Amino acid sequence: MIELVKATKTYHSGGDEVRAVDSVDLRVAAGEFVAVVGHSGSGKTTLVSLMGGLTRPTSGTVMVDGRDIWTMSNRELSRLRSDRIGFCFQFSSLISTINCLDNVRLPASFLGDHKGDAGRAMRLLELVGLPEKAGAFPSELSGGQQRRVAIARALVNEPGIILADEPTGDLDEETEEDVMDLFEEINLGGVTIVMVTHSSRLASRAGRTLRMENGAVVEEVTRAPRSEYPLSSDSV
């Protein structure tokens, strides 16, 4: 599904070379739920950006579905990100001038895709527990509700992969747990999830945890698989 081979990303600052990601070899299999932990500046966000084709590696290879994504044309890479990968970030980045239903529809609408129809968007809002907020604007939602809408938006193109960078970063503990419950349900429906978090408590709910230091993966913990139950095809 996702494979990094000697992936390195180097930045230069004030004459110094900083290896944000340092020669990482990593494979994420289809259907995994992987958490990435580490202190600020350890390389977590850069690692996920490399996986999603948002950042080009300085050296090494990033493959998705067996293909080196940096051998793709810009159009092919954009299509990969649109079709195969859903992104969730710490700040939901909802469009303030359109309602929740249209925010969910937006990524598919850019492609003129049927996946952006109102019926599918409403089913996704139902999946994240917010069907009654379809007509509400982002300013009318709590932080946790905005995050749920952002997750629904990330799912609209039926991606096989969700890349989440601190998706619960500014939420209270109860809302964090709600978002993690939702991620677990999505994952058990077959979606691969890679999630960056500062919280070891939240990371413990993933099937595998990677700890980063100075751009390198220095520790890996794998947990026993959970029982699987598929999401109903009618739900999304």
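The values are calculated or read from the model by the stated rules, or taken from the named source; none is laboratory data. This one's a predicted model, so the numbers in the text were calculated from it and none came from an experiment. Quick reminder, even Gly has a Cβ in these numbers, built from the backbone with ideal geometry, and neighbours come from all protein chains shown.
Okay, here's what the table says:
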{"item": "Lone qualifier among Leu155, Leu141, Leu182, Leu188 - being out of contact with any Asp or Glu (no Cβ under 7 Å at 6 or more places or on another chain) and under 22 Å from Thr209 (Cα atoms)", "result": "Leu182"}
{"item": "Residue within region 120-141 that is of a type in the set (S, T, N, Q) and under 19 Å from Pro107 (Cβ atoms) present", "result": "no"}
{"item": "Residues of region 182-208 satisfying the condition of being surrounded by fewer than 20 Cβ atoms within 10 Å (Cβ to Cβ) and polar (S, T, N, Q)", "result": "Ser199, Ser200, Ser204"}
{"item": "The one condition in (1) within 17 Å of Lys9 (Cα to Cα); (2) among the acidic types (Asp, Glu); (3) in contact with a Lys or Arg (Cβ under 7 Å, 6 or more places away or on another chain) that Glu32 fails to fulfil", "result": "(1)"}
{"item": "Scan of region 8-65 for residues that are of a type in the set (Lys, Arg), out of contact with any Asp or Glu (no Cβ under 8 Å at 6 or more places or on another chain) and surrounded by fewer than 22 Cβ atoms within 10 Å (Cβ to Cβ), ordered by number", "result": "Arg19, Arg56"}
{"item": "Test: residue in region 66-80 that is of a type outside the set (Asp, Glu), within 25 Å of Val221 (Cα to Cα), in contact (Cβ under 8 Å) with a residue 12 or more places away in the chain and buried (at least 16 other Cβ atoms within 10 Å of the Cβ)", "result": "no"}
{"item": "Hits in region 138-156 - residues which are at pLDDT 90 or above, part of a loop (DSSP other than H, G, I, E, B) and crowded, with 17+ Cβ neighbours inside 10 Å", "result": "Leu141"}
{"item": "Residues satisfying the stated conditions in region 26-84, i.e. under 29 Å from Arg205 (Cβ atoms) and of a type in the set (Lys, Arg)", "result": "Arg27, Lys44, Arg81, Arg84"}
{"item": "Options Ala29, Ala7: the member that is more than 29 Å from Asp117 (Cα to Cα), touching a Pro at 6+ places or on another chain (Cβ under 6 Å) and hydrophobic (A, V, I, L, M, F, W, C)", "result": "Ala7"}
{"item": "Strands (runs of 3 or more DSSP E) fully within region 8-117 counting 2 or more residues that are at pLDDT 95 or above and in contact with a Gly (Cβ under 9 Å, 6 or more places away or on another chain)", "result": "16-28, 33-37, 59-64"}
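Here's the yes/no breakdown for (1) part of a helix (DSSP H, G or I); (2) within 15 Å of the chain's Cα centre (by Cα); (3) surrounded by fewer than 19 Cβ atoms within 10 Å (Cβ to Cβ); (4) at pLDDT below 90:
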position	(1), (2), (3), (4)
Glu158	no, yes, yes, yes
Gly169	no, yes, yes, yes
Met180	yes, yes, no, yes
Glu220	no, no, yes, no
